[in-house]
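In what follows, a structure is listed as structure tokens, so that the remarks can point back to it.
The values are calculated or read from the model by the stated rules, or taken from the named source; none is laboratory data. Values in this document were obtained by computation on a predicted structure and should not be read as measured data. Cβ atoms come from the backbone with ideal geometry, glycine included; neighbour counts cover every protein chain shown.
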Amino acid sequence: MSWWAQQPEPSQVLEALHSTQGQLSLLSKRLSSLRDEHEALCECLAAHGAVPAERLTAWLHRRRFAQARRRHPLTCNETLESLTQAKELALSLAVRLGLDGVTTLSSASRALHSSLSALRPELAKLFPLQLFAIGGEACGDPLISVERFNVTANAWSPCTPLRTPRSGCAAVALSGHVYAVGGCGVDGEDLRSVERLNLWDAVWEEMPAMSTGRDELAAAGCSGCVYAMGGSHLVWPVRHVLDSTERFDPARGSWQALPRLSRERCAAAAVANRRRLYVLGGCDEDGVALCSAECFDPELGRWEPIPPMRWPRCNFAASASCGRIVVAGGYDDNTRDVDTVEQYDPSKSIGWETLASLPVPRWGVRAASREGAIFIVGGHVWDVEVGTTDGLHHASGTWVTYACMSEPRRSFGLAAVNG
């Protein structure tokens, strides 16, 4: 019998292929079901106090670490704290962990925090900060353009534009991607859609949509997920301010409804700080600016109030830096432009403290930060959008002026990426 005669018929190959695809589909569904059952069991155990979430995470870490040691046996009498005392080894470790991993490792112990803090100048060179200004509004029109700011080079440059023009959108940097969330489109529609920029190939891709359209929403990345909160939604002829919140898990590829905010908030600001989510200020249904703020603990699953800001503010800038939350600009309950800047340290009980004022009062402004500095970008000043970039350095308490965006904008998304 010839070799050709022994080969299977094309119909047999297709039948085997379809059978394999069917088996893979069933396995995928089963895996998804097991994941849901596992998460539900963990939530149930934690909710009833049988096994706290922290202990469950610790046990899981021990099992994974033991498996890794069995796969890669190594006899070493040194500790991680002692290894990071050597600058070359610490930098090598930082390169492999990335900046987020270094930050997490630094919080594990005082010794690690001390040795890694000494590497700040080198880490700044290894992971240069880049800001992404996404969409927004200029002269009454939503923008599709995206710009990137290289802090080291002090220069803005154009990036791949959005798929959809968006004013009043939010931007979140998470795991090598930048998300553009919600906003308002060219036809005045409040957008449910979400798109994601892959930083490796500079391509925007469509992502699962939110449950509702949200203009002037607050959004932030926390514990590996994207959180979207508040905003406004037009149900003709009334524009409603929202108190609903939802979370997108990239691993599951879906949005999940969360407990509602304590009140409705439009054009509020959101930041993640020490594994907690903070939503600040905004406006109510009557357009009155708010000074109240609240905090969400993903493990407890509930919102709790925090001390109110000193000034009511709406459509303003906020960011977290060095464990502190910093807010700037916006407009107050009399719709006056605000130049005040204040900060809040959740680890202390002193409430909000005043910092150096903005060089120029403005609203529709956005902020991003890295350890030691906060950058205030864009906004609306004296009936015109601006592209200014100002930096406040914590050590000196002074403002430094950087290069301007090529396209002025307000009410846009701003995301910070290290490296």
May I ask you to say which residue of ALA328, ALA257 is among the aliphatic types (A, V, I, L, M), within 21 Å of ILE376 (Cβ to Cβ) and in contact (Cβ under 8 Å) with a residue 24 or more places away in the chain?
ALA328
Looking only at region 145-158, count every residue that is free of Cβ contacts under 8 Å to residues at least 24 places away in the same chain and under 16 Å from ARG410 (Cα atoms) and tell me the total.
1
Right, ALA228: in the same structural domain as LEU280 (by TED's automatic domain parsing), in contact with a Gly (Cβ under 9 Å, 6 or more places away or on another chain) and within 27 Å of TYR402 (Cα to Cα) or not?
no
With respect to ALA180, determine if the residue is in the same structural domain as ALA268 (by TED's automatic domain parsing), of a type in the set (A, V, I, L, M) and either surrounded by fewer than 24 Cβ atoms within 10 Å (Cβ to Cβ) or under 16 Å from ALA269 (Cβ atoms) (or both).
no
Leading residue by the ranking (farthest from ILE306 (Cα to Cα)) among those in region 336-369 that are modelled with pLDDT of 90 or more and of a type in the set (Val, Ile, Thr)
VAL360
Quick one: ALA153 ticks every box in (1) out of contact with any Asp or Glu (no Cβ under 7 Å at 6 or more places or on another chain); (2) of a type in the set (A, V, I, L, M, F, W, C); (3) surrounded by 13 or more Cβ atoms within 10 Å (Cβ to Cβ) except a single one, so which number is it?
(3)
Before we move on, is ALA356 of a type in the set (Gly, Ala, Ser) and buried (at least 23 other Cβ atoms within 10 Å of the Cβ)?
no
Is it the case that ARG247 is modelled with pLDDT under 95 and assigned by TED's automatic domain parsing to the domain that holds VAL178?
no
Qualifying residue in region 101-108 (condition: out of contact with any helix residue (DSSP H, G or I) (no Cβ under 9 Å at 6 or more places or on another chain) and modelled with pLDDT under 80)
no
If I filter region 83-101 for residues that are hydroxyl-bearing (Ser, Thr, Tyr), free of Cβ contacts under 8 Å to residues at least 60 places away in the same chain and either in the same structural domain as CYS322 (by TED's automatic domain parsing) or within 25 Å of LEU174 (Cα to Cα) (or both), do I get at least one hit?
yes
Please state which of the following conditions SER2 fails to meet, knowing it meets all the rest: (1) modelled with pLDDT under 80; (2) within 36 Å of the chain's Cα centre (by Cα).
(2)
Of the conditions (1) surrounded by 10 or more Cβ atoms within 10 Å (Cβ to Cβ); (2) under 34 Å from the mean Cα position of the chain (by Cα); (3) modelled with pLDDT under 80, the single one that GLN7 does not satisfy is (2)
Residue hits (region 179-194; among the charged types (D, E, K, R) and either modelled with pLDDT of 95 or more or not in a loop (DSSP other than H, G, I, E, B) (or both)) are ASP190, ARG192
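A quick yes/no check of all residues on (1) of a type outside the set (D, E, K, R); (2) under 30 Å from PRO408 (Cα atoms); (3) loosely packed, with under 15 Cβ neighbours inside 10 Å; (4) more than 24 Å from the chain's Cα centre (by Cα):
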| position | (1), (2), (3), (4) |
| --- | --- |
| CYS76 | yes, no, yes, yes |
| GLU88 | no, no, yes, yes |
| GLY98 | yes, no, no, no |
| SER115 | yes, no, no, yes |
| GLY140 | yes, yes, yes, yes |
| LEU143 | yes, yes, no, no |
For region 195-247, which strands (runs of 3 or more DSSP E) that fit wholly inside it have 3 or more residues that are surrounded by 21 or more Cβ atoms within 10 Å (Cβ to Cβ), under 18 Å from the mean Cα position of the chain (by Cα) and not charged (D, E, K, R)?
218-222, 225-229
Residues that are within 20 Å of the chain's Cα centre (by Cα) and basic (Lys, Arg), drawn from region 391-415:
ARG410
Would you list the strands (runs of 3 or more DSSP E) that sit entirely within region 111-176 and hold 1 or more residues that are at pLDDT below 95 and over 23 Å from TYR402 (Cβ atoms)?
170-174
I'd like the full set of residues that are under 19 Å from ALA170 (Cβ atoms) and touching a Leu at 6+ places or on another chain (Cβ under 7 Å), limited to region 392-406.
none
